[in-house]
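Note sheet for the following structure.
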Amino acid sequence: MGSIRRTVAELVQERWNDHRPGLWFEGQVLSHHRVAAGAAARAALLADLLPPGTDPPHLAVLLDNTPEYPMWLSAAALAGAAVAGVNPTRRGPELARDILHTESRVLITERAHLPLLDGLRLPGVRVLVTDTDAYADLLAPYEGAEPDASTATPEHRLLLYFTSGSTGAPKAAICTQGRLAAAGRSLVDHFGVRREDTHYICMPMFHGNAVIADWAPALAAGAGVALRRRFSASGFLADVRACRATYFTYVGRAVQYILATPARPDDRDNPLRMGFGTEAGAVDAAAFERRFGVRLVEGYGSSEGGAAVQWTPGTPAGAIGRAAPGDDLAVVDPATRHECPAAVFAEDGRLLNGTDSIGELVNRGPNPFEGYWRNPEANAERRRAGPDGDGWYWTGDLFYRDAAGYLYFAGRTDDRLRVDSENLAAAVIENILARYEGAAAVAVYAVPDAVAGDQVMAAVALREGAGFDPSAFGEFLLSQPDLGTKMAPRFVRIVERMPVTATNKVHRAGLRREGFRCPDPVWWRPPGESAYRPLTAPDVEELLAEYRARGREELLTR
């Protein structure tokens with residue numbers, strides 16, 4: 001590619017007259033040419049729907065992963081417009097806020113999501129419902145359009161995708177055509193994506209993972225895509241086989257859900273070459289490869305494009321990789337803004353100096369962060385000065401780095417725990433607890449201590465047919481050589497299913513708010529005791545009285 005910056009519109013136009021199979025969806029197969037033609041028709045419709053002088057136009061897309069989604073992404077690229085992906089788990093005023101905040105003049109949706117719009121005030125927004133006769137009639141006059149990429153530039157905004165912060169309104173990160181095309185080409189080169197490949201898109205397309213890490217490299221390589229309307233662990237392998245998928249992406253707990261399905265003797269009979277994603281964890285990644293014969297590559301890329309870590313051959317187990325070319329990444333102490341010392345490991349792999357070595361990942365060099373839409377405060381928070389006064393990109397994620405420069409993910413900055421004056425990272429503890437034989441999923445988070453700092457709490461979803469044996473769990477903890485003395489959970493919440501966001505990430509904010517006052521069974525180790533026992537209503541009242549006496553009760557609801 002050299003120094004020439006491509007546009008997504010050019011990549012769409014290149015698929016015109018490409019009659020190979022290009023898109024699989026629920027038994028239907030469309031050629032690359034038909035997808036490009038559909039994009040051209042929608043781009044022409046969009047030009048007539050939006051008033052003159054709208055530059056660039058924004059449209060909101062509230063859809064499941066149907067063929068309409070990639071067609072409207074492609075149409076927006078051809079029209080020089082931007083797509084705001086709308087999360088269908090948002091409700092009421094929050095949903096309206098997302099649509100209006102992005103100044104979208106058109107909303108693309110489907111009948112299944114129309115109830116979400118009941119009672120919402122969306123002034124100036126035209127709603128198109130894709131699975132209706134009215135929509136087909138509206139689109140019909142434009143069916144002969146051909147894709148024209150001549151007016152699109154790399155600087156045109158293409159995506160306004162909401163980041164899933166734990167507090168405050170979601171921020172709409174900007175991604176231009178040039179950045180998305182470059183990201184797709186980078187993954188093509190890194191993973192050797194071929195025209196003959198098929199990318200399975202089962203993560204929601206309103207999220208950056210599916211578009212940037214799955215759809216974009218397929219488009220850049222001329223590979224096909226297969227869409228799953230919504231993620232299904234039980235349907236995963238059947239889908240992969242049906243469309244001969246070779247690559248997929250995942251986020252959060254998706255891999256755990258797939259592993260929780262019943263194993264079959266023919267699980268390895270599949271065409272997948274690899275999966276690429278985040279937060280699977282070393283234990284589950286190894287289990288996935290053993291069962292399905294498919295290597296998972298854990299990557300890291302800030303959703304906003306400000307920092308990236310790439311896996312390369314030789315990356316140690318548990319590490320994500322090293323800084324991507326062009327990035328000057330450092331792990332720094334947010335308080336002092338100085339680089340943290342390298343991690344020190346015991347022979348058994350236990351991190352010995354987590355308090356000192358874990359810090360926030362920053363990019364001190366040039367980076368492609370393009371800002372948030374209409375949010376200068378969030379932009380300033382991302383770009384803060386380092387000790388030398390230059391603007392750094394602060395990822396909001398915790399990492400530690402070994403002496404060879406390999407980076408290890410340790411969670412979000414709000415996933416840090418401080419127990420008895422020692423800083424701990426939730427992800428480090430989770431990776432250890434994930435070894436527990438009966439656990440299908442584990443989440444670790446902080447609950448306030450009655451005196452000072454935090455206590456460790458874990459939510460555990462059990463495998464089908466498994467029960468929670470507190471004695472066996474305690475013995476398991478004692479047998480883990482890398483579990484530090486402050487890491488063992490004080491509270492263990494047994495959940496039927498791990499609460500997750502729409503992108504399959506653990507809903508930690510909700511877990512933290514509920515703490516030990518939750519509807520699920522909770523086991524705990526009272527101070528001075530080594531064994532777990534049920535947390536009873538009198539126990540809770542006694543704990544609350546202690547918090548109240550020390551003026552810390554209000555911390556339990558934050």
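Before we move on, is residue 197 at pLDDT 95 or above and not assigned by TED's automatic domain parsing to the domain that holds residue 97?
It is true that residue 197 is at pLDDT 95 or above and not assigned by TED's automatic domain parsing to the domain that holds residue 97.
Restricting attention to region 339-357, does a residue exist that is touching a residue at least 40 places away in the same chain (Cβ under 8 Å), at negative phi and touching a Cys at 6+ places or on another chain (Cβ under 9 Å)?
Yes, region 339-357 has at least one match.
Regarding residue 362, is this residue surrounded by 20 or more Cβ atoms within 10 Å (Cβ to Cβ) and closer than 18 Å to residue 301 by Cα?
Working: surrounded by 20 or more Cβ atoms within 10 Å (Cβ to Cβ): yes; closer than 18 Å to residue 301 by Cα: yes.
Against the criterion (surrounded by 20 or more Cβ atoms within 10 Å (Cβ to Cβ) and closer than 18 Å to residue 301 by Cα), residue 362 qualifies.
Any residue that is in a loop (DSSP other than H, G, I, E, B), under 28 Å from residue 510 (Cα atoms) and acidic (Asp, Glu) - is there at least one of those in region 351-370?
No: region 351-370 contains no residue that is in a loop (DSSP other than H, G, I, E, B), under 28 Å from residue 510 (Cα atoms) and acidic (Asp, Glu).
Taking residue 484 as the residue in question, decide whether it is in a loop (DSSP other than H, G, I, E, B) and either hydrophobic (A, V, I, L, M, F, W, C) or out of contact with any Pro (no Cβ under 9 Å at 6 or more places or on another chain) (or both).
yes
Checking the structure you have, find out if any residue of region 121-143 is buried (at least 17 other Cβ atoms within 10 Å of the Cβ), in contact (Cβ under 8 Å) with a residue 24 or more places away in the chain and under 24 Å from the mean Cα position of the chain (by Cα).
No, region 121-143 contains no residue that is buried (at least 17 other Cβ atoms within 10 Å of the Cβ), in contact (Cβ under 8 Å) with a residue 24 or more places away in the chain and under 24 Å from the mean Cα position of the chain (by Cα).
Can you find, within region 487-515, the residue that is modelled with the lowest pLDDT among those that are within 22 Å of residue 422 (Cα to Cα) and part of a loop (DSSP other than H, G, I, E, B)?
Among residues in region 487-515 that are within 22 Å of residue 422 (Cα to Cα) and part of a loop (DSSP other than H, G, I, E, B), the one modelled with the lowest pLDDT is 487.
Being surrounded by 20 or more Cβ atoms within 10 Å (Cβ to Cβ), modelled with pLDDT of 90 or more and on the phi > 0 side of the Ramachandran plot narrows it down to one residue among 321, 281; which is it?
Only one candidate passes the filter, namely 321.
Going by the structure shown, is residue 224 surrounded by fewer than 21 Cβ atoms within 10 Å (Cβ to Cβ) and either more than 20 Å from the chain's Cα centre (by Cα) or assigned by TED's automatic domain parsing to the domain that holds residue 55 (or both)?
no
Of all residues in region 97-116 being free of Cβ contacts under 8 Å to residues at least 40 places away in the same chain and closer than 23 Å to residue 211 by Cβ, which is surrounded by the fewest Cβ atoms within 10 Å (Cβ to Cβ)? Give the derivation first.
Going through region 97-116, the residues free of Cβ contacts under 8 Å to residues at least 40 places away in the same chain turn out to be 99-100, 111, 114-115.
When the remaining residues are screened for being closer than 23 Å to residue 211 by Cβ, the result is 99-100.
Details: 99: 22, 100: 17.
Here the answer is 100.
Conditions (1) without any contact (Cβ under 8 Å) to a residue 24 or more places away in the chain; (2) part of a loop (DSSP other than H, G, I, E, B); (3) in contact with a helix residue (DSSP H, G or I) (Cβ under 7 Å, 6 or more places away or on another chain); (4) not polar (S, T, N, Q), marked per residue:
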residue: 6; (1), (2), (3), (4): no, yes, yes, yes
residue: 23; (1), (2), (3), (4): no, no, yes, yes
residue: 37; (1), (2), (3), (4): no, no, no, yes
residue: 43; (1), (2), (3), (4): no, no, yes, yes
residue: 65; (1), (2), (3), (4): no, yes, no, no
residue: 71; (1), (2), (3), (4): no, no, yes, yes
residue: 78; (1), (2), (3), (4): no, no, yes, yes
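Since residue 150 meets every condition but one in (1) surrounded by fewer than 24 Cβ atoms within 10 Å (Cβ to Cβ); (2) in contact (Cβ under 8 Å) with a residue 60 or more places away in the chain; (3) among the small types (Gly, Ala, Ser), which condition does it not meet?
In the conditions (1) surrounded by fewer than 24 Cβ atoms within 10 Å (Cβ to Cβ); (2) in contact (Cβ under 8 Å) with a residue 60 or more places away in the chain; (3) among the small types (Gly, Ala, Ser), residue 150 misses (2) alone.
Please go through region 506-524 and pick out each residue that is touching a residue at least 40 places away in the same chain (Cβ under 8 Å) and surrounded by 18 or more Cβ atoms within 10 Å (Cβ to Cβ).
Residues satisfying the conditions are 506, 508, 511, 512, 515, 516, 523.
Taking residue 64, is it farther than 20 Å from residue 145 by Cα and either crowded, with 23+ Cβ neighbours inside 10 Å or at pLDDT below 90 (or both)?
no
Kindly evaluate residue 336 against the criterion of being surrounded by fewer than 18 Cβ atoms within 10 Å (Cβ to Cβ), in a loop (DSSP other than H, G, I, E, B) and among the β-branched types (Val, Ile, Thr).
The answer is yes for residue 336.
If you take the residues in region 14-52 that are at pLDDT 95 or above and charged (D, E, K, R), which one is nearest to residue 82 (Cα to Cα)?
42
Does region 534-556 contain at least one residue that is at pLDDT 90 or above, buried (at least 17 other Cβ atoms within 10 Å of the Cβ) and assigned to a helix (DSSP H, G or I)?
Looking for residues that are at pLDDT 90 or above, buried (at least 17 other Cβ atoms within 10 Å of the Cβ) and assigned to a helix (DSSP H, G or I), one finds at least one in region 534-556, hence yes.
The values are calculated or read from the model by the stated rules, or taken from the named source; none is laboratory data. Note that the coordinates shown come from a computational prediction; the quantities given were computed from them, not determined experimentally. As a convention, Cβ positions derive from the backbone with ideal geometry for all residues, glycine included, and neighbour counts pool all protein chains shown.
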